[in-house]
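Take a look at the structure below.
The values are calculated or read from the model by the stated rules, or taken from the named source; none is laboratory data. Every value quoted in this text rests on a predicted model; they were computed, and no experiment measured them. Positions of Cβ are generated from backbone atoms using ideal geometry, with glycine treated the same way; all protein chains shown enter the neighbour counts.
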Amino acid sequence: MQWKGFTAEGDTWKRIENLKNAEEAIKEFEERMSAEVRRQERINMAEERDFKRGELLEKFMARMLYG
């Protein structure tokens, strides 16, 4: 954990039990990360779909040009 106003030398690991007052911040972080994972999955699916469309178009064009 990096403490606000301290450098990286002050970073520490804390047990979850010792962070009871941070439960809300942890929950918000986990929700943001979950939303980011879902967003990235949608991006990946769209990129894959677009790639497949391009691949199909290339195959179609090749058949049109070369039989």
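Here are the numbers for this structure:
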| quantity | calculated |
| --- | --- |
| Count of segment 1-47 residues which are touching a helix residue (DSSP H, G or I) at 6+ places or on another chain (Cβ under 8 Å) and among the hydroxyl-bearing types (Ser, Thr, Tyr) | 0 |
| Top-ranked residue of segment 1-51 - restricted to ones that are at pLDDT below 85, among the hydrophobic types (A, V, I, L, M, F, W, C) and outside any loop (DSSP other than H, G, I, E, B), ranked as surrounded by the fewest Cβ atoms within 10 Å (Cβ to Cβ) | ALA8 |
| Of all residues making up segment 53-67, the number that are surrounded by 10 or more Cβ atoms within 10 Å (Cβ to Cβ) and either on the phi > 0 side of the Ramachandran plot or at pLDDT 80 or above (or both) | 0 |
